[in-house]
Amino acid sequence: MIKEQHEVSVLGAPQNPAPVMSTVVQVQADTVVPDHIVWSLFNTLFFNTCCLGFVAFAFSVKSRDRKMVGDVIGARSYASTAKCLNIWGVVLGIFMTIGLIVLLVFVLPAVVMHNTGL
């Protein structure tokens, strides 16, 4: 017999026949509202297409301010706008990067060959 089973069998049944009472404590968890401030800062530094990263950063800061005050609805609204601006900033930044690479790979060699007379 395992030691734990032996201890339980030695102790026997509960001594108090009264029903077991339990207490449930409900803790209000703070509503988590992502403010996307890191993503906005990244877009501001690297993909600042049409200043979308900077505007998204401003909305992220507003969202964080609303969250600190306790205005969850306002924080969600500003965070949603910041998220949308961040998505557009990344998409346009990637398109512009791909366009620049295409321009450098295909157009620049043609211009150089034309100017050198080859």
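The values are calculated or read from the model by the stated rules, or taken from the named source; none is laboratory data. Computed from a predicted model, the values in this text were never measured in an experiment. Note that each Cβ is placed from the backbone with ideal geometry, even for glycine, and that neighbours are counted across all protein chains shown. Keep in mind that these areas ignore ligands, DNA and RNA; they rest on the heavy atoms of the full protein, side chains included. Shrake-Rupley method; radii C 1.70, N 1.55, O 1.52, S 1.80 Å.
Across all directions, the shadow cast by the convex hull of region 49-118 built on its C-alpha atoms averages 5.1 square nanometres. Of the peptides 85-97, 56-68, the order by per-residue mean of other Cβ atoms within 10 Å, starting with the highest, comes out as 56-68, 85-97. Calculated accessible area for region 39-82 comes out at 61 Å² per residue, all protein chains present (probe 1.4 Å; ligands, DNA, RNA ignored). When peptides 73-81, 98-106 are ranked by their average number of other Cβ atoms within 10 Å per residue, the highest-first order is 73-81, 98-106. Between the beta carbons of residue 103 and residue 77, assuming R0 = 30 Å, the FRET efficiency works out to 0.20 to the nearest 0.05.
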